[in-house]
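Colleague: Take this structure, written in structure tokens, and hold onto it; I'll ask about it next.
Every number in this text was worked out from the coordinates using simple rules, so none of it is lab data. The shown structure was predicted, so the numbers you read here are calculated from the model rather than taken from an experiment. Here Cβ is always computed from backbone atoms with ideal geometry, including for glycine, and neighbour counts include all displayed protein chains.
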Amino acid sequence: MALRINGIEDEDDLRKAQAAAQAQGTSITNYNEWAEIMKNLSEAGVESTGSYAGDKAKMQEIQRTVEEFIQNAQIEQIAQQRQQETQKVKETSESDSQQEIKANVANATSSMILADYMKYYHLMSQ
């Protein structure tokens with residue numbers, strides 16, 4: 001036979017209640033799971049609700065909150081990576097555009113030099 005019990009404030013209370021129940025030939029319902037939940041709540045700095053159902057619900061709420069936080073952090077990280085990649089592409093495009101302008105100026109300059117050379121060569125050869 002298993003007991004359902006409320007009013008347990010910490011792991012020590014739970015152990016005492018389990019010992020008392022065992023002395024009567026029974027045990028507390030979900031004792032091991034509740035003890036683990038209470039340990040996790042204690043480590044997180046969260047007080048027990050005093051009942052298994054309340055502590056379990058609180059633990060599930062904390063787990064959901066942590067999972068949402070992790071998901072949001074991952075989404076934010078992906079967004080930052082994409083922004084960095086976009087910035088790199090933009091910088092590369094700007095650099096390519098500047099290189100293209102420089103190349104066009106160099107080509108035009110060399111074409112002018114060649115044209116002037118040909119003009120002078122033609123004038124000198126007459």
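Colleague: Can you tell me which of Ser42, Ser97 is of a type in the set (Ser, Thr, Tyr), in a helix (DSSP H, G or I) and within 30 Å of Ala17 (Cβ to Cβ)? Working first, answer last.
Modeller: Numbers: Ser97 fails: within 30 Å of Ala17 (Cβ to Cβ).
After ruling out the rest, the residue left standing is Ser42.
Colleague: Tally the residues that are touching a Leu at 6+ places or on another chain (Cβ under 8 Å) and in a loop (DSSP other than H, G, I, E, B), restricting the search to the range 45-64.
Modeller: Residues flagged as touching a Leu at 6+ places or on another chain (Cβ under 8 Å) and in a loop (DSSP other than H, G, I, E, B) within the range 45-64 amount to 2.
Colleague: Looking at the range 1-55, which of its residues are under 31 Å from the mean Cα position of the chain (by Cα), of a type in the set (D, E, K, R) and surrounded by fewer than 16 Cβ atoms within 10 Å (Cβ to Cβ)? Write out each step before concluding.
Modeller: Here is the first cut: in the range 1-55, the residues under 31 Å from the mean Cα position of the chain (by Cα) are 33-49, 53-55.
Right, trim to of a type in the set (D, E, K, R) and you get 33, 36, 39, 43, 47, 55.
Of everything in the range 1-55, those that are under 31 Å from the mean Cα position of the chain (by Cα), of a type in the set (D, E, K, R) and surrounded by fewer than 16 Cβ atoms within 10 Å (Cβ to Cβ) turn out to be Glu33, Glu36, Lys39, Glu43, Glu47.
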